[in-house]
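See below for the structure under consideration.
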Amino acid sequence: MAVTTPLEIPSFPERPSFRRLPSMRGMLRGLAGNRFAMVASLFLLLLAVAAIFAPWVAPHDPNELHIIDRLTPPAWSAGGSTTYLLGTDELGRDILSRIIWGARTSVTIGLAVVAFSVVLGTTTGLLAGYLGGWVDTLLMRIVDIQFSFPALLISLAVVLVLGASATSVIIALCIDGWLVYCRLTRGMVMTLKHTTFIEAARVTGNTSRRVMIGHALPNILSPLITLATLEFARVVLAESTISFLGLGVQAPTVSWGLMLNNGEDYLTVAWWLITFPGLALTLTVLSANVVASWLRVVADPLQRAGSR
Amino acid sequence: MNPSAEILLSVEGLKTYFTAHGRHGTVKAVDGVDLAIARGSSLGLVGESGSGKSTVARSIVRLEDPTEGRILFEGIDLASLSSEAMRRTRRRVQMIFQDPYASLNPRMRLGDIVAEPFALHEGMNKHDAWQAAARLLARVGLDRDSALRYPHEFSGGQRQRVGVARAVAAKPDLIVADEPVSALDVSIRAQLLNLLKDLQDEFHLTYLFISHDLSVVRYVCDRVAIMYLGRIVEEGDCDSIFTSPRHPYTRALLSAVPIADPDLERQRVAQLLPGEMPSPLAPPSGCRFHTRCPVAIDRCALIDPPYVVVDPGHRAACLLVEDEQREALATASTGSA
Amino acid sequence: MTAAAPALSPEPTPARAAAETILDVSGLSTSFETRAGRVHAVQDVTFSVAPGEIVGLVGESGSGKTVTSLSLLRLLPATARTTGRVVFEGRDVMKLRGEQLRQLRGGRIAMVFQDPMTSLDPVFTVGSQMVGALRAHQRIPRAEALERSASLLEQVGIPDVATRLSQYPHELSGGMRQRVLIAMALSNDPGLLIADEPTTALDVTIQAQILRLLKDINQRTGMAIILVTHDLGVIAGLCDRVFVMYGGRLVESAPAHDLFHGPEHPYTAGLLDSVVRLDQDRNRRLSVIDGSPPVLIDPEPCCPFNPRCPYAVERCREAVPALTPRAPGHDAACFRTEAAHEPLR
């Protein structure tokens, strides 16, 4: 601080505008210590890059046919070629490019569903948990009823009604997707409601809305983020399942599920058609789970650092 | 109590009951409490666990809803306000909480915690509220950069200072302090108590000071009310109560407080009360204290004792005290015989 | 790093017969490995307890008093490292192996903790827990153990014993639970009871009952008690001798009267001055010890109270003062009061 003359009233250090930064730095440091989580995060980062920059990253157009080169094995096998690093499918389309474009589909659908579900689920959970009473009863009945319908069947029903497309997959998965966030948020808010600092927030004179959003919400973000990561994996898997069944994304959009569907018939003669999309799917789900577990561990010490 | 002093808070017939979950019955946590606090003074509310003192505090700030009774604050009955109306009144009635480790939002910087009342009640913009908060944090004894940091970086005593700063920020008229030093170390307690006294003078505050610790109340407060099982059993200014307690419970309580002097301790005979405080689910008939009272007579189980004015501003609810008073008046009226 | 003079035991006479002390602690040090570094919770603590004596171990949070009491029975987690000697009835507890240690705990040395709410197992009845405590040390049939439990509960003043034995902990009040814990502690005829803040969580009238109970037991059975607490009033009412801890070290040890009326350590004096007393002048402003207790990671080789001490001199920053005798039975670790004998209060 600068030296002040006796007549000047010294001012105090200004408030930094970014709240989140300190906790992020701590988290990144924690990441460096856990090799599994680091690798998993890097994979997810790779996925994101592939999804965003697909047109520039993919060596070929995923729907371009190279009939002459159909069923080329991966580059390192006999008969393979570096033009098609992971080989080609039955129509001569480059597997690697299709995987990269498939990543775009998965990530887009995954993020869209998760974003919607988080917003709806958290809002309803906050309202139900904090306000209680008839709001809580009503919302929870809706959640209970929806939970009792098998998720996949609902998704399939929606898709059949709206016709198969990426949009209808998103809608189908959103219908059920928000429920878990609602339950989680509600549970945490109900516990938080009785903590002293929330009571203090009420006594200070905050409206219920400000207490919920300004005071309660920041304390439940960590478990929510963990859940969202796990849910992302689940949604990606669900989309693949629906597309595998032929009821989801349709050509010319590329999806790993569709690739699995295609490759099924050629399993014995061209293993690479099904293996690589399957591997991509597995690695995505695995990475998301590893990162989610790590997030859960990392979130606690940040809170525990505050306790005695 | 000075009769011309302005009464800031007047509680009349306060009852706060809870339904006991699981078992049937009502927990009569507060069962008929009257008290009054003059502006600028401090009233201590003392009792053991189950006495209802915390519930009185929480009822006044409407963290619990009173079942019956009036809470008159500058003419407004807080008990009857809607939650929105109460929220608008909050600026003037603030609270300091007991547990310094639970009363601050772990995700908020100290500056934000203390800036909030400035922003909410004085309409300051973010920058000014922050500077005002930083200034107040320095006033309560924290470092100049503490506004930037989070609660977990501070000790219990320091966190409690933040709680005090938050309560004082909007310049309330009344502060309800719920056991503000009970969770602190002995040497830190002294620091906080001195701070509370200083702030009271500086900001013209009025305190309702809840505590189980009689020594602390005696140091901070002008008047004290002793609670047992939902009722006030004795009330008066600190000098009277501590030098001549009249109610048997007050006497037992005072004799049980350990004093940091082995010679005194050796001389004292602690009046041990048998058993424990009965449950507020089923208070005893008549005088609530009769089941443990060392001087209870038959009538005590039948009659709920009314308040007896022992001296101006000093009242006690005890049949034996009533008898003593009557005798004293009779002796006085028959002249010097 | 300690000062040149070796630490002396509280009694100035060099040779002590074994029967004069039931517990002899010398050079006890305990440290923990934590993420932030090595915490030296207890540093070089030396004291002894005579049979039938009630001693108080007083200090605030972070003083090391609780870790000291846990170290005596080696009740600390694996991350703790304890060195020094703890000789109880002639045997060094630090050298005992598994079975011998187990027999000692709850046997000749019993312990009662602060929070009666969590010290009892909620899923077992009081009776079964007491029987368990008895049969862990004595080979007696269940029926006999149950009878003895009933008699123990009576000794600690619990009414309606038969009902209590079949009740679960949550059905009892705090004071009642603490009595049960004391009864369990007594069940195997201990020579020493370590009570860590036994009444802190209790109401003041219940506290008075429990303290009276402890005093009665001490007078009846001659069981020694180490009472660990921050409450100077409780110490004044119960203890024969007092040990004051600060910053992990023992800074003063004296008979109760001498400590309260003529403290030789500035921390003790400051603590006594800052206590709110029922009998003090209401208008006297509480004197305060500025600052906060030290963090015990990588402690400096100086007096732990130095940063807050109003009497500190140059030497206080350079070396750790050792306990030196000031009067019979009265030791203090302070360079300043060692030299000049100006009363601190």
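Structural remarks
- Overall dimensions of region B:1-82 by Cα: Rg and Dmax, Å: 13.7, 49
- Gyration tensor (alpha-carbon) shape descriptor, the protein assembly as shown, a/c threshold 1.5: prolate
- Surrounding net charge for B:Thr16, when Lys and Arg each add one and Asp and Glu each subtract one, Cβ distance under 9 Å: -1
- Dipole axis of the protein assembly as shown (+1 Lys, Arg; -1 Asp, Glu on Cβ), positive-most option in B:Met277, A:Ile68, C:Ser48: A:Ile68
- Ranked by the mean number of other Cβ atoms within 10 Å of their residues, highest first, the peptides B:328-334, C:86-92 come out as C:86-92, B:328-334.
- Across region C:190-250, Cα-Cα distances exceeding 16 Å account for 45% of all pairs.
- Ratio of Rg to Rh over region C:83-226 (Cα coordinates, Kirkwood Rh, two decimals): 0.96
- Summary value for chain B: 19 percent relative contact order, contacts being C-alpha pairs under 8 angstrom separated by 6+ residues.
- Springs between Cα atoms under 10 Å define the GNM used for chain A, and in it the highest mean-square fluctuation of A:Leu153, A:Leu286, A:Leu224 occurs at A:Leu153.
- Placing +1 on the Cβ of every Lys and Arg and -1 on the Cβ of every Asp and Glu, with nothing else charged, gives region A:40-188 a dipole about its Cα centre of roughly 360 debye.
- Charge dipole (debye, nearest 20) of region C:185-269; +1 at Cβ of Lys and Arg, -1 at Cβ of Asp and Glu: 120 debye
- Pairs of Lys residues in chain B are counted when their Cα atoms are under 18 angstrom apart and they lie 8 or more places apart or on different chains; the count is 4.
- Cα-based helix-to-principal-axis angle, C:204-221 vs chain C, degrees rounded to 10: 80 degrees
- Chain C: angle of helix C:126-135 to the longest principal axis, Cα-based, in degrees nearest 10: 80 degrees
- Local electrostatic count, B:His121, Cβ distance below 10 Å [Lys/Arg +1, Asp/Glu -1]: +3
- Acute angle (nearest 10 degrees) that the helix A:151-162 long axis makes with the longest principal axis of chain A, alpha-carbon atoms: 70 degrees
- Taking every residue in C:235-242 and counting other chain Cβ atoms within 10 Å of its Cβ, the average works out to 4.
- Average beta-carbon neighbours from other chains, 10 Å sphere, peptide C:285-293: 6
- Residue-averaged beta-carbon neighbours from other chains (10 angstrom radius) around C:206-212: 5
- Positive-pole candidate from A:Ala103, A:Thr191, A:Ile242, dipole of chain A, charges at beta carbon: A:Thr191
- Treating each Cα of region B:278-337 as an identical point scatterer and summing with the Debye formula, the log10 of I(q)/I(0) at q = 0.17, 0.30 Å⁻¹ comes to -0.64, -1.19.
- Under a model in which nothing but the beta-carbon of Lys, Arg (+1) and Asp, Glu (-1) is charged, the protein assembly as shown shows a dipole of about 1220 debye around its Cα centre.
- Region B:40-197 shape via C-alpha gyration tensor axes, a/c threshold 1.5: oblate
- Each part reduced to its alpha carbon centroid, region C:146-191 and region C:255-318 end up 39 Å apart.
- Among residues other than A:Val189 with Cβ under 12 Å from its Cβ, the summed charge is +2 (Lys and Arg +1, Asp and Glu -1).
- Computed packing ranks the peptides A:65-74, C:100-109 as C:100-109, A:65-74, most packed first, by mean other Cβ atoms within 10 Å.
- Once C-alpha pairs closer than 8 Å and six or more residues apart are averaged by separation and normalised to the residue number of region A:212-268, the relative contact order reads 23 percent.
- Mean sequence separation of contacting Cα pairs (under 8 Å, at least six apart), scaled by the length of chain C, corresponds to a relative contact order of 23 percent.
- Two-decimal ratio, region A:189-308, of alpha-carbon radius of gyration to 2.2 N^0.38 Å: 1.62
- As a ratio to 2.2 N^0.38 Å, the alpha-carbon radius of gyration for region A:76-181 is 1.57.
- Segments A:96-103, C:224-231 sorted - mean Cβ within 10 Å per residue, highest first: A:96-103, C:224-231
No value in this document is a laboratory result; all are computed from the given coordinates. All values derive from a computational prediction rather than experimental measurement. Don't worry about glycine lacking a Cβ; one is built from the backbone with ideal geometry, like all the others, and counts go over all protein chains shown.
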